[in-house]
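This report concerns only the one structure given below.
The values are calculated or read from the model by the stated rules, or taken from the named source; none is laboratory data. The shown structure was predicted, so the numbers you read here are calculated from the model rather than taken from an experiment. FYI the Cβ positions are ideal-geometry reconstructions off the backbone, even for glycines, and counts take in every protein chain you see.
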Amino acid sequence: MSLFPRLMAIIPFGIGMTVLIFLWSAPFGAFHSPPLFFRVFGSFVALTFVLTGVGIFVGAGKIGDPRLMAEKLKEMQKGLAGNQPERGSSSDTAEASTSKVGYDCPNCGAALGKDADVSPSGDVKCGYCERWFNIHSEG
């Protein structure tokens, strides 16, 4: 566990606490207490700094550990592999968008999907190579 991120958490925490103490402490000499609206508004801003500092301090060990990150990545990949839709499903939107409707891109040969937007004149943009072609000029 690295000590540097935890030390860096002192900065926003210290800024927030300094502002809170300054806003709500008794007036000192030439300094007068700001109006209530500014003390409340400034307290919300300072509280954001305090909570950011606490969050950095608490989360510093979890974010920087490469072993924990590798374990989380493996868990996410397993979860994604388990959530893949079955092949041949008619409700699969990803498959429906790439299923062939009879037209192929003349540039890359990719099939035109069912949900492709075709203009009234027959112009369409290939979803793979993103080049335009006309389905009426195809032979």
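Checked against the criterion of being modelled with pLDDT of 85 or more and in contact with a Phe, Trp or Tyr (Cβ under 6 Å, 6 or more places away or on another chain), the range 52-60 contains one or more residues that satisfy it. Residue count for the range 70-114 under the criterion of being at pLDDT 60 or above and more than 29 Å from the chain's Cα centre (by Cα): the result is 12.
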